[in-house]
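For reference, the structure is listed below as structure tokens.
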Amino acid sequence: MSQKLSPTQLRRVFDPKELDCETTENLPLLEGIIGQERAVNALRFGLGIQAIGFNTYVAGLPGIGKMTAIKAFLEKLAKQKETPPDWCYVNDFADPDQPQVMKLPPGRGKELQRDMKNFLEHARREIPKVFESDEYNARRDEIVKAVNQQREAMLQRLGAQAAEAGFTLQATPLGVMMVPVVGGKPLSDAEFLALPATVREDLQRRREQLQEELKVMMKQARELERAAQGEIQELDQQVALYIVGGLIEELLEKYQDLPQVIDHLEAVSQDILENIDSFKAKPTDSPPPAEAGPPTPWLSDLPFRKYQVNVLVDNSEQQGAPVVVEFNPSHSNLFGRIEKETVFGALYTDFTMIKAGALHRANGGYLVLPVEDLLSNLFSWDGLKRALRSQEIQIEELGERLGFLSTKSLRPQPIPLDVKVLLVGEPILYYLLHTYDDEFAELFKVKADFDTHMDCTQENVRNFLSFLCTLCQKEKLKHLDASAMAKMLEYAARRAEDQGKLSTHFGAIADLVREAHFWATQENSLYVTAEHVHRALREKVYRESLLRDRIQELIAKGTLLIDTRDHALGQVNGLSVIHLGDYEFGRPVRITASVAPGREGIIDIEREVELGGPIHSKGVMILSGYLSHKYAQGMPITLAARLVFEQSYEGIEGDSASSAELYALLSSLAGLPLKQSIAVTGSVNQHGEIQAIGGVNEKIEGFFEICQIQGLTGEQGVMIPASNVRNLMLREEVIDAVQAGRFHVWAVKTIDEGIEILTGVPAGERASDGTFPKDTVNYRIQERLKELAECLQEAPEEEPARKKQAKVTKRKPPTPPKRHKT
């Protein structure tokens, strides 16, 4: 049986006295995630299991607070984990193009960087002083003097041998030459050629012997010089080792528990001894020369960068595991980059210019990424999958990887990766990735689904109010009193469209609190009250309801024909919902039906002109099934019926008007007018059962507003499916009108119940012989169908015109129009 709903059934009201709290400032702060037990269990599982590939996809609609809730959840969980190590890059003296990665305990990386900086500054400051000391110069002069004395002695011996042989040694730019001497006078080339041949040959033979002696002497001299250079180098190393040896020993002792550091310090010490000349010059404190463009590194400092330590990830201040949320997951922001700077017009880079990415900072902890931004950044998604598969982070030039750049660059050693990645996005992206990306299912094996509503239990109500308290305290908003808290609960139930649920769309709920706080501030109120919440809602609707007001104005002026008082044959007021961003409103629409003899069946004009969506067309086609099931058990259905949404100029989608269309059709068949004071919503199946629809509150309120404009008579109302009663959270003004008997809401389960309300005539139940009682709606319909069938018994069967037209003219694929839901 149909039911006229009482005011208490149209809205769930929360009594402020039952909240056991005067204001939100008396409530505890919220801990954890509200009403998402399924998602929380999935998160705990995905974050707890250590197997490879068990990363998590957090699915949920925008605005329900996924990112905020996940971050708070992870930060609490991360405090219980161990702090991950520091990661550093140091120079590889054997292969500078491949910097070495170094893993250090938390805080030791920064400490090593500071120690190496102090060590280097000390070496650059003290080593030049020692090389300028008198003691060093004296020892160096001794080595040089000893070599010079030995070389002079060798020259004297060779000179004596040359004099005995009749030659003298003469130094030239080309070296030492043997010049013959006759009568104590060196001979010129002309004089030498004027000598007799026998004399010349004798002199030439003696010269060749002396030349061999000279070669031996020069070789010995070079060996002496090399030995001297070795002694000087050894002296330099002893001097340098005297300066840096003590510091190196201290560092070796300090970092004796870190073998990687020990090896690096030994390599640094060896390299300094091998390149001691670069330390002999005093460091300059003058700034680099001013020039246009970005500053360049001071050239004198470049040779010493190789001794520095690049702390890529510093966890010295980290407590527990890191939680990193990267809102711009570009390739460089995720995987790091190798920066470059200009030195005299050329690009320069080294290991100190390697910068960390989000994966480095989150290593050993948790990385949260918005999936939409990740997929929209070039190569970020492929790079993330590669890193998760290989379990290491490789910093590389993106252009080099693509083959666009061939310039020489660094190839840092990869860093082992141990991270839990959480992708946050809409459910549709999860299903698309799962379907079209084979690797996605292997890398993200856990799905955490965030629901859009939660059960209205005492625990959830308490947590909801704690959320309001936390929001007010965190953002320094005025606290809510009990009346405002009750209205916020009712608003959450309205958004959930269920009297037994609360919405988890905490973004919209928080926005309403902020707006109510604004109006409370304008009135200098100590707390936010129910009136402030009401005003925030009214102002929000007023800001966004321009189109709704224009449509209502057209109805009031009679431009759009909507009758709310009379009766009409084959005509009913249906209800649709128009979506404008986050604002929805109901719009009444006139639906008409006409019936005539014919074989075309039920024709949906909206579908014929390609304005009806597939779901709407399905709802209309179900009407034929209802007629056959209800009235044509023993005869064929032969009629030509046309259904149309009057004055509808945009696309229509949804099946919630199928019951209204059926009422209009039945009215036309039965010849019984329908009450225009009652609007109808609900879908129907082939057995005549009324099924639930969406947007029931907006639809009722939309028709109520039109009735207000045209004048409430006490007979107006809306007929809804009985299964939608729990979804009712109507505005207070509608409740007041129902309380005063000026407006009504009926809940029906079947078409028969609805047709009785609309016509005031009994529907009639089928007897055992298949007939209906006389003077009932169903009897009149069945008789009318028999008449239509008899009219066409002797008429020649013709192909329906619309089918013939379809054969002649092939339609072009339509452009989907903008639709509103029925």
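Laboratory data are not the source of any read-out in this text; all were calculated from the coordinates shown. The model shown is predicted, which means the values in this text are computed figures rather than measured ones. Heads up, the Cβs are rebuilt from the backbone with ideal geometry, glycines too, and the neighbour counts pull from every protein chain shown.
Observations
- Note on the range 488-638: with charges restricted to the Cβ of Lys and Arg (+1) and Asp and Glu (-1), its dipole about the Cα centre is near 220 debye.
- Anisotropy class of the range 669-735 from Cα gyration tensor, a/c 1.5 cut: oblate
- Cα centroid of the range 747-782 to Cα centroid of the range 303-350, whole Å: 79
- Computed from the alpha carbon positions, the gyration tensor of the range 1-107 leads to an equivalent ellipsoid with semi-axes of 52, 20, 12 Å, biggest first.
- Segments 356-367, 130-141, 643-654 sorted - mean Cβ within 10 Å per residue, highest first: 356-367, 643-654, 130-141
- The angle separating the long axis of helix 37-48 from the principal Cα axis of greatest extent in the chain is about 20 degrees.
- Among Trp746, Thr638, Tyr242 the positive-end extreme of the charge dipole of the chain (Cβ point charges): Thr638
- Here Lys129 and Ile262 are evaluated by their C-beta separation; at R0 = 25 Å the FRET efficiency comes out at 0.30.
- Test item: Cα-centred dipole of the range 465-560, Lys/Arg +1 and Asp/Glu -1 on Cβ, debye: 140
- Ala94 paired with Ala568, simple spin-label distance in nm, labels 7 Å along Cα-to-beta-carbon: 9.2
- All lysines inside 26 Å of Lys774 as judged from Cα atoms, apart from same-chain residues fewer than 8 positions distant: Lys630, Lys675, Lys749, Lys786
- Among beta bridges from DSSP that stay inside the range 584-677, the antiparallel ones total about 55%.
- Among Ser594, Gln36, Leu273 - extreme Cα towards positive end, dipole of the chain, charges at beta-carbon: Ser594
- The range 600-694 shape via C-alpha gyration tensor axes, a/c threshold 1.5: rounded
- Kirkwood estimate for the range 299-450, i.e. one over the average of 1/r between Cα atoms, Å: 17.2
- Cα-centre dipole for the chain with unit charges at Cβ (Lys and Arg positive, Asp and Glu negative), debye to 20: 1820
- Helix axis angle, 546-556 relative to the chain longest principal axis, alpha carbon, degrees: 20
- Rule-of-thumb Rg ratio for the range 403-500 [Cα; 2.2 N^0.38 Å; N residues]: 1.84
- For Lys420, the lysines whose Cα comes closer than 29 Å to its Cα, not counting residues fewer than 8 places off in the same chain, are Lys66, Lys71, Lys76, Lys79, Lys81, Lys103, Lys110, Lys355, Lys385, Lys445, Lys447, Lys474.
- Value of Rg/Rh across the chain [Cα atoms, Kirkwood radius]: 1.30
- Cα long-axis angle, helix 777-791 against the chain (0 to 90 degrees, to the nearest 10): 90
- Each stretch of four or more DSSP H residues adds -39500 (n - 2.57); spread over every residue of the chain, this sum gives -14500 deg cm²/dmol at 222 nm.
- Simple rule: put +1 on each Lys or Arg Cβ and -1 on each Asp or Glu Cβ in the chain, find the dipole, and look at Thr168, Ser483, Ser723; the Cα lying farthest toward the positive end is Ser723.
- Rg to Rh, two decimals, where the range 106-259 supplies the alpha carbon set and Rh follows Kirkwood: 1.34
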